[in-house]
Amino acid sequence: MSEAVTASPSSAGENPRHGRRRFLLQLERFALLIAWLLIIAVFGFIAPETFLTWPNFSTIFGSQAVLVILTLGLIIPLTAGDIDLSIAQVLTLSSMVIAVLNVGHGWPIGAAIAAAIAVGLLTGLLNAFFTLYFRIHSLIVTLGTGTFLHGVTLWISSSRTIGGIDWGLVNATILTRFLGIPLAFYYALALALLLLYVFEFTSLGRKALFVGRGREVARLSGIPVTRMRLICFLASGVFASIAGVLYAGTSGSADPNSGTQLMLPAFAAAYLGATTISPGRFNPLGSMIAVYLLVTGITGLSILGIDTFVQDLFYGGALVIAVALSQLVRGREESLT
Amino acid sequence: MKTKYLAGLAGFAIVFSMAAPAAALDMEAIKASIAEHQKLPTFTPPGEPFDAKSCMAGKKAMVVPFSSAVEFTGGVATRMTEIAKEIGFQYDHYQTQGQPSQWIQGINQAITQRYDLVDVLMSDPRVLAPQAMQADQAGLKIVAAHASGFDTPAPAPFQNVHIDYTQAGRLMAQWAILKTEGRANVLAIVAEDSFSANSLQNGIKEVMAECEECKVQYLNVPVTDWATRMQSTVQSALLRDPSINYILPIYDGMAQFVVPAVELTQSADRVKIATFNGSPYVLQLVQQGEVEMDIGESIDWVAHAIVDAEMRMLCGLPPVKDPKVPLYIFDASNAHTAGTPPQISTGYGDAYLSGYRKLWGLQ
C-alpha cells in the first residue's frame, strides 16, 4: 500500500515541487544507510587504526548473524499485523534442543538441527492456533507460549548450560570463513535476500502486507487472511529456530536463559529497519542495515572504551527514534492519501 | 589522543590500564601458589567438632536462592536440604525464579512460620536489606551465604558464610603471569553488579600490581548484558589492543560469550582464557582446549560448608571465619577427572564427605 503512495509523486516528475518531494523521499529511504556510513566515518576518524580495519568489520559482520535472523523472523508476523513475543524463547529452546539431543542423547548434529527447526515450526503452529482459532490477540498468545517455552527449556536442560555440541556446527557457523567473514553472515544475508524476494516479488509477500495494513479490506478483497497469518507465524518460528541453530553454533553450547535477552535488540532493529529502504514498512534489508548500524555504533563505543551502559542508551534511544520516525512516515502517508 | 579526549569529555571511560609500578615479582611464590591449588583438595575442619543432631533438634531453616532454576544457586540449595535431612533437621528450599517478589515472599514466610534461620543464597543480598531487618527483629538469623569474600562482608544484619573470592582472583592473575613469564597483558572482565566481583577484582589487582611488565584492563559487563553485550565488547577490546594475551572472565558463565569473541577476532593463537567457578560446560571447554584454566569449587562441598556454618550459628558455637571451601584448578592435565562430559561436584575428591560427618558426630 505504501508503495502505491510512494509511487504517485514520481509519476508527476515534471513539477519542481514533486521533484523535491521525490528527492526527499529518496533521502528518507536511504537515511539510515547514510547514518550508518556517518557512524563509520566518525569512528573511523577517531580511531582509524583500530576501527577502519578489515578484522573489525569482519568481526562486526560475523558476530551478528543470530540477531539478524531473529529480527527477520520478527518482521514476518509484524508485516501481517501480528506480534511474536515468543521468538527469543524459540531461539533459546531450539539451541537447547540441539544441545540435549546431540550431547545428551548422541543424535547426529543434522538430526538435532532438524528437531530444532521442527520446534520452531510447532511453536508457530501453536501461536497461530490460539491466535486465529480462539481470536486472542497475538501479543497475549505469544507472551504465554514464550513463557511456556522457557519452562520447557529449563525442564529439558535441568536449568544447566550444556556444552560439547558437535564442533562441526561451530565450524560451519563461525570458524569457516569466506572473504574473511564467518559463514554465519552469509546465512543471514541469504535469508534476508530470500525474504526480500518473497516480500517484493511474490503474491504471498504482497498478500501478507495487505493483511497487515487492513485485515477487513484484505478479507473483502478475497485474500485468505487466516491462511496468510498462519504462514507468517510458521515462518517466524522457523526463522527463530534457525537463529537458535546458529546461536548454538556460535559457542558450541546452549544455556537456558541468555538467548531471551535478544528480544529487545531484535525489536529495536525491526522498528529501526522500518524507517529505511521501504519507509513505513518492515523490510529485510532495512532490518539488516539496522542491526549493523546498531552494532557498528556499539563496537565504536567499545573501541573508545566507553562504559557498557552507554550501549543501552544507544539501543533504547534508537528504538524510540525509530518509532518516532515510523510515526512520521505514517503521518506523511496519511496526509498524502 | 582524540580517543582519550572524547572518552574524557563523555566522562564514561571505565576501561583503564595499569602499568603497575611495584614490588618485585616472586615467580617462585606464584608457582608454589598455583601448584598448591592443583593438588586434590583435602578436608580442613572449619571449627571444633560438635553433636549436630542433638543441637539442631527442633530447629528449622529455610534457603531462598536467587533462582532455583540456576545451576549453582538451585543446586546448592537442594543439596543443603538433603544434607539437613541426613543430619535430622528441617531445612526447606523456597523455590524461586530470580524474581525479587519471590525472595521477599520467601523471607516473609520464614518470619511468619517462625523459622530459626533464613539463608538468602544470591549474588547481591543487599537488595533484601529491609526484609533482613524484619527477619532480624523477628529473631531469625539471616544469612547471606556464598555472597561475599573476606574483604567485603555483606552488611548487618546479614551474617556471612564467606568464600575466598579474593584468592580466586589472585589465582587467575597468577596463572596469567606464570604462563607469560611475567609479561601478561590481561583483559579482566568483571560484573560489578555482583557482590563478590569486588573481592575477585581485588585479588586480580593485588597480584597484577606486583608485576612490573604486566598490563591489565578491566571491562565491566553487568550480568543482564552478558548475552547481548559481552561478545561484541570483548571483540572490540581485542581489536583495540592486539597485544592482549590473557582474558580473565571472573565468572565462567561469561566464557560462552568470550570464546566466540576470541574465535571471531582470530585471536585464539595468542589469547588464553582463565576463569573461575568450575561449571561443567566450561570444564568441557577446558577439555576441548578452548579455555585454558578454570578454578572450580564443588557445589556439594559448598553446600556442606554452608550447612556447617549455619548449624554453628544456631547452636551458639563460635562463628566460622573461614569455611575452608577449596579452590581447585582444572586445566588440560586434570579436566578429565571432572567426567566426560563433566559433572557437577566431580573431580574434587570425597575427603569432605567423611570429614564433615565426623565433625558433626554422625560417624
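Quick look at the numbers
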| item | result |
| --- | --- |
| For B:LEU121, residues with placed amide H under 5 Å, excluding near neighbours | B:VAL64, B:PHE66 |
| Acute angle (nearest 10 degrees) that the helix B:197-208 long axis makes with the longest principal axis of chain B, alpha-carbon atoms | 40 degrees |
| Minimum 50 Å² accessible area buried by the other protein chains, the stretch A:131-178 residues, probe 1.4 Å, relative to alone | A:SER159, A:ARG160, A:THR161, A:TRP167, A:ARG177 |
| Global geometry of the stretch B:180-254, whether rounded, prolate or oblate, following the gyration tensor of its Cα atoms and the 1.5 cut on a/c | oblate |
| Accessible surface, chain B, averaged per residue in Å² (probe 1.4 Å) | 38 Å² |
| Cα-Cα pairs of the stretch B:262-363 separated by more than 20 Å (percent) | 49 percent |
| Distant-in-sequence amide H partners of B:GLN97 (H built 1.01 Å from N, under 5 Å) | B:SER68 |
| Counting all C-alpha pairs of the stretch B:155-197, share separated by more than 17 Å (%) | 49 percent |
| Ranking by accessible area, most exposed first, for B:CYS55, A:CYS232 with a 1.4 Å probe | B:CYS55, A:CYS232 |
| Charge dipole magnitude, Cβ of K and R +1, D and E -1 - the stretch A:32-336, Cα centre, debye nearest 20 | 840 debye |
| Residue of B:SER101, B:SER33, B:SER298 that the Gaussian network model of chain B assigns the largest fluctuation, springs spanning Cα pairs under 10 Å | B:SER101 |
| The stretch A:32-336 pair-distance distribution - Cα-Cα, 20 Å bins, rounded % | 33, 58, 9, 0 |
| Unit charges on C-beta of K, R, D, E only; dipole of the protein assembly as shown, Debye | 2340 debye |
| Karplus 3J(HN,Hα) series, Hz, for the stretch B:85-91 with 6.51 cos²θ - 1.76 cosθ + 1.60 (x for Gly, Pro) | 4, 5, 6, x, 9, 8, 9 |
| Residue pairs, from the table B:LYS39/B:LYS85; B:LYS85/B:LYS141; B:LYS85/B:LYS358; B:LYS31/B:LYS324; B:LYS215/B:LYS321, whose Cα atoms sit over 28 Å apart | B:LYS39/B:LYS85; B:LYS215/B:LYS321 |
| Positive-end residue of B:VAL127, B:ILE250, B:TYR352, charge dipole of chain B with Cβ unit charges | B:VAL127 |
| Overall form of the protein assembly as shown per C-alpha gyration tensor (a/c, 1.5; a/b vs b/c) | prolate |
| Per residue accessible area in Å² of the stretch A:32-336, where ligands, DNA and RNA are left out and the probe is 1.4 Å | 37 Å² |
| Karplus (6.51, -1.76, 1.60) ³J(HN,Hα), θ = phi - 60°, over the stretch B:110-124, in Hz, Gly and Pro reported as x | 4, 5, 5, 8, 6, 6, 8, 8, 10, 10, 9, 9, 8, 5, 9 |
| Carbon and sulfur %, accessible surface of the protein assembly as shown computed with the full protein complex present, 1.4 Å | 61 percent |
| Loop-resident sites, the stretch A:103-199, for trypsin sites (Lys or Arg not before Pro), counting at most 15 other Cβ within 10 Å (DSSP) | A:ARG135 |
| The stretch A:69-184: radius of gyration over Cα atoms, expressed as a fraction of 2.2 N^0.38 Å | 1.18 |
| Most mobile listed residue (A:SER287, A:SER241, A:SER138) in chain A, GNM with C-alpha springs under 10 Å | A:SER138 |
| Three-way shape label, chain B, alpha-carbon gyration tensor, a/c 1.5 | prolate |
| Selected from A:HIS105, A:GLY151, A:VAL291, residue furthest toward positive end of dipole (the protein assembly as shown; charges at beta carbon) | A:VAL291 |
| Note, ³J(HN,Hα) from phi for the stretch B:332-348, Karplus 6.51, -1.76, 1.60, rounded to Hz, x at Gly and Pro | 4, 6, 10, 4, 5, 5, 7, x, 10, x, x, 10, 4, 6, 10, x, 9 |
| Solvent-accessible area lost in complex, 50 Å² minimum, residues of the stretch A:230-263 relative to chain alone, 1.4 Å | A:SER251, A:GLN261 |
| Protein accessible surface hidden between B and A, which excludes ligands and nucleic acids, total in Å², probe 1.4 Å | 3700 Å² |
| Amide H contacts of B:ASP92 (H built 1.01 Å from N, under 5 Å, at least 5 apart or other chain) | B:ALA61, B:MET62, B:VAL63 |
| q = 0.18, 0.22, 0.28, 0.30 Å⁻¹: log10 I(q)/I(0) that the Debye formula gives for the stretch A:183-238, counting C-alpha atoms only | -0.63, -0.84, -1.10, -1.17 |
| Efficiency of FRET from Cβ geometry, A:LEU220 and B:HIS336, R₀ 56 Å, rounded to 0.05 | 0.25 |
| GNM result for chain A, Cα springs below 10 Å: residue of A:LEU38, A:LEU195, A:LEU169 fluctuating most strongly | A:LEU38 |
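The values are calculated or read from the model by the stated rules, or taken from the named source; none is laboratory data. Worth saying up front: this structure is predicted, and the values here are computed from it rather than measured. Quick reminder, even Gly has a Cβ in these numbers, built from the backbone with ideal geometry, and neighbours come from all protein chains shown. Accessible surface areas use protein heavy atoms only, side chains included; no ligands, DNA or RNA. Shrake-Rupley method; radii C 1.70, N 1.55, O 1.52, S 1.80 Å.
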